[in-house]
Structure formats: C-alpha cells, structure tokens
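Below you'll find the structure, written out as structure tokens, and then a few comments.
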Amino acid sequence: MNDQKIENLLNLALDASQEEREKSEILETGYDAKERRWEVIIRYSGPLDADERGWQAVYLSGGYAILTVPQRDIALLASLPQVEYIEMPKRLYFSLDEGRAASCISAVQTPEMGLFGEGILVAVIDSGVDYFHPDFRNEDGSTRIVALWDQTEQPGGAQGGQPPQGFYLGAEYTREDIDQALSAKSREESYAIVPERDAGGHGTQVLGIAAGNGRASGGRFRGVAPRSDILVVKLGVPRAGGFPRTTELMQALEYVMRKAETLGMPVAVNLSFGNVYGSHRGTSLLETYMDMLALRGRNVIVAGTGNEGNAGGHVSGRLRMGQTQEISFLIDEFETSMNQQIWKDYADEYRITVIHPNGQTAGPFGREVGASRYRLGQTELLVYFGTPSPYQSRQEIFIDFLPADTYLDSGVWRVVLEPQRIVTGEYDLWMLDSRGRNFGTRFLQPTPDTTVTIPATAARVIAAGAYDARRNAYASFSGRGWPDDSFLIRPDLVAPGVDITTTAAQGGYVSVTGTSFAAPFVTGAAALLMQWGIVQGNDPYLYGEKVRAYLRKGARQLPGFEKWPNNQAGYGEDVIIRLH
C-alpha cells in the first residue's frame, strides 16, 4: 500500500508477503496471522462506530485509540474522514546492560524533611513484580501495591481475573486481592488468587530502586520513595511468544492516569524500556500521546534513555554536492534479520546503493515511492521509500534485510549515498535495536550521538541517562541526545546506573546495570518533590514541567565536561537537594 494516512512501516507491512513478514524482526509486530487481524494505533476525531463495524476498540485520552481490525478493513479504516493517522505497534526492549547515597536522597529523608514518598503513587510499567518481596509490604505484612494489572494473563482464565474497565487485555487485581494472596497458606494457594510472577525480574528490580522500603535488608537497600503507594502494570500480550509493544504501553499509561485520578493522588510513572524505530523527533503517535497525557492531572513521566550509546547502531552526517558518502556496516554470522532506517530532509535528493560483501549491488534507488525488492546473494532486501506525513516532515527510507533461507549473508556491507540535490544534507541511519541483533552486527564507524531511545524522545517526558557513581563518570552505554542541543536537551539528567543493588524476584537482592535502573532513581526523586510540594503544601503546582525544572536546577555537574547542559549527562547527576 501507499496510503499517506498510514505510516510508512505499516504501508510496507501490508505490501509484504506473509513469508516476508514472518522473516522480519519488525513487520510482523501487531499482526495476528491466524485471525488475519491487525492491532493499530490511531488518532481520530468524531465517532468511529467501531462496534458496528466489528472492530475492537480501546479508547484513550485526547483522540487516540487502539483498534483491532481485520486486514481487509485497513483501507476502509484509512478512508474514514474522522481517522487522521494510523500506525502499527513497535516492539519494546528493556534497558538492561550505590545509588541512594550518590543521589543525595538521604539528605532529604530526615525527621526534619520527612520526604519518603508518602501520599504519592509510584507507578512502574514493566515486566511485573514479585509481590511477595518484603520491600513491597508494610510492617504488618500487608501489601503496598494499590492495584496490579497483568496484561499477559488471559481474561477469565483459570483464576477468573478480568481486565480493568474499558480495556480488553489481561486481569486486574486490587490491594484486597493481593493481601488475600499474601495471607494464603502456601505459594500455590497464593498464585491461585493472584497468579502474577515476574519471571525475568526486571520490573521487581526497577520497583525496588524507585520505591522499595528495604525491609528484607533492615533498611540498607531502601529505595528512593519507600513509603509511597505502588501501582504496577505488567506489560505484554497473552499470546505464545508475545512481547511488550507500544500499544500495550499506551493502554498502561491510560490506566495509570485513570487510577491516579480515581485515588486522587499525584503519580510518578517509570518507563525503563524503549526502541530505536522512528525519526527520534517526538512525532510518532506514541510520543504525541505521551506529551498530551503529561498535561493531564498531577503527574510526572520518566523514561530511561536506553543503552544504545556504545552499541554501534547509529550513524549521522552531512552530505555535500559532489561528495559521495559510503557507510560500512558488519552483519555478524548467524544473523536472522536486520533492518536500517535512513531519515533525511525531504528537500534533499540522493541515490542510494547497497553493496553486498561479494561486491553485488542493489540500486541505485532514489525517487521510488512505495516498496521495492532486491536479491543480493542469499539476502533479500525489502526497501520502502516513504513520504512526509501530517505529523512528520522528514523522509524515511526503510531497508529490511531478510534471509533467503535461514541466515543473512555475513561480512562487511556498504550503503552508498550519492547527492543529487542538497539543501541541508543532514541524515541519520539507525540499525535494529542492539537487543534484537547479534553483538557483532554494527556500523564500523558509528556516531554515538542521537542514540536516546523512544519514548525518552517525547518532549514532555523527563529523560534519565546513567552514570557510574563509583567513578563519578558518565556511563558510555547510556543513550545520548542530539549534538549541540539542536533539538531537545536529552538526557535531562543522569542517575546511578552501574552495579546497583536492588530487589530480586524470588527474594533477596541483586546487582544490576543499565539506564533501566537510572530511571527509577529519577522517578523516586520526582515522587519526593511532589510530596514536598503537593502533599506537604509547599507548592501545590509541583508536578509536570515544574518537577523537570527542579530536577535540572538541583543537578550536580560531573567532572570532565566543559559545556552544560550536554547530550551525555544533561544538566548533571540527580541530587534533588534544592527545594527552593
């Protein structure tokens, strides 16, 4: 397809064969091959009449919705005048790769200041929680979790759980449900009441940093907001081989905001995951939805900047007339799928050639619109030339590398950019997220700038990078923002993200590294600021952008940087000690 109301990637996915989609790392996301149905994100105005058309709809705030529609109805959906734009979901990756003291949290957790997160809701949208862990329970053994939505459970399954009102995914459990489970005689009986298990442990680890109370360690490994109430959403889909997607994230955010409003509590939301697909300019429906949601109620949304800083997955540069640019990249052995996005100014024109390690070439291509197919050795290229949309002024050229058999051809590949007409000449190439490709698959001369992951690119999200508190130095894996602050200042600030001790699923503690674990320091700090301002009455408007301003003001500059703010450490390390 080539419908301008449909994003480029979804147009390509609809044009691709079922075999091509199954081989691709990205084109199958959101598609149910058995039911031949797509889950899509839309922005709309006016009635959709989804029920009458047989479409499942989850209505979100601000004219956004998640629809599940038969593939044959996508063209009909796009033709509706009330539908403004349609996107497919994107896969989300958790950002894995002596915090409290380094962040100076202890300075505000004194009898005089008394900032422990009381009266604030800390929401962690992640892989779930080990709700048995003592750090998420009160002294009497009752839970601190006000509600838990497990999106991965089948609604009405063996345990009979039901989705939250207005949603179709998973099952919601109340504080009373969790307390009943905790009082059962055995784990088996407990799981019969609340079957939630955090198999990977990521969500439990993140929550421990943001809000654990340290009961299992006598307070030694206490989190930042240890007396806050807790809200948990376990991201995912109740299907075999399912993984978290942006559609589940958008529903989780909507749920969190509705729950906070029902409880009448300010909420600090933590997001410790992301992906690299998109222009990185805050223009996707996910990013604009989050910006809109950030203006709703008394909330703060914090996202980690990802671990792509040293992963070799990004190249940027500037083309000039008469100068051909050659970009080399390595595809590692046993790679089953890989893709690249080229984003450029639409006013610029240049031809693109892809060169196989054996010297075969595909292209040059440069003015095509829609999908094209090429074969180089045992690798097939699926190329899509996009056009600007109402929400995106840049042009995308998407190249999907698919194996003719099992694996892509390994070796050094090249992409050649040949200028035809240059106005700005600026370009960016992003490779598939590092957690979706082999370690050796990377650009040979990468650009570490502009490696912040989405959704930390949303304008109203507070973006948290990582630093090594022991060395008092920036962590090289931490995603970087735009050079020379040419777009947004990213990250806003950095927090400890190397060798952090935090709660482990199945009890005890574990040491972890990554921006996943820097973000909850900032989320917890936001909760303390909102307690001081809103709950204690010092500033009833201390939420949203005002929290960002306070965090930036309180940040302490790391050594080794001449310019502040900068695209590695933002305004500096998170200390939150300046409350006036």
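Just so you know, all these numbers are worked out from the coordinates, no wet-lab data involved. What you see is a predicted model; the values in this text were computed from it and never measured. FYI the Cβ positions are ideal-geometry reconstructions off the backbone, even for glycines, and counts take in every protein chain you see.
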Quickly estimate the mean residue ellipticity at 222 nm for the chain, helices only: each DSSP H run with n ≥ 4 gives -39500 (n - 2.57), and the total goes over all residues, rounded to 500.
-5000 deg cm²/dmol
Please give me, ordered by residue number, the trypsin sites (Lys or Arg not before Pro) of segment 488-580 that lie in loop per DSSP and have at most 15 other Cβ atoms within 10 Å.
563, 578
Hey, got a sec? Which chymotrypsin sites (Phe, Trp or Tyr not before Pro) in segment 498-580 land in a DSSP loop and have at most 13 other Cβ atoms within 10 Å?
541, 561
Using square roots of five times the C-alpha gyration tensor eigenvalues, list the equivalent-ellipsoid semi-axes of the chain in whole Å, biggest first.
39, 28, 22
In sequence order, calculated HN-Hα J values of segment 325-338 (Karplus, 6.51, -1.76, 1.60; Hz; x Gly/Pro):
9, 10, 10, 9, 8, 9, 9, 6, 5, 6, 7, 9, 6, 7
Rank the residues 19, 380 as a footprinting-exposure proxy: fewest other Cβ atoms within 10 Å of their Cβ go first.
19, 380
Output ³J(HN,Hα) for segment 461-472: one whole-Hz value per residue in order, computed from phi by the Karplus curve 6.51 cos²θ - 1.76 cosθ + 1.60 with θ = phi - 60°, and x for Gly and Pro.
8, 7, 9, 10, x, 10, 9, 8, 5, 5, 8, 6
Rh by Kirkwood over Cα pairs, then Stokes-Einstein D for segment 314-443 at 1.567 mPa s and 4 °C, µm²/s:
86
Which of the trypsin sites (Lys or Arg not before Pro) across segment 219-289 are loop residues per DSSP, with 13 or fewer other Cβ within 10 Å?
220, 239
Sorted from fewest to most neighbouring beta carbons within 10 Å, what does the list 467, 474, 168 look like?
168, 474, 467
For segment 79-90, just list the computed ³J(HN,Hα) in residue order, Karplus coefficients 6.51, -1.76 and 1.60, θ = phi - 60°, integers in Hz, with x standing in for Gly and Pro.
7, 5, x, 7, 8, 8, 6, 9, 10, 8, x, 10
Starting from the amide H of residue 376, placed 1.01 Å from N in the peptide plane, find each other amide H under 5 Å away whose residue is 5 or more places distant or on another chain.
381
Checked against a 26 Å limit on the C-alpha separation, the offending pairs among 90/234; 5/90; 344/563; 234/259; 259/546 are 344/563
Once amide hydrogens are built 1.01 Å from N within the peptide plane, the residues lying 5 or more places from residue 351 or on another chain with amide H under 5 Å from its amide H are 418, 420
Quick one: 280, 202, fewest Cβ neighbours within 10 Å first, how do they rank?
202, 280
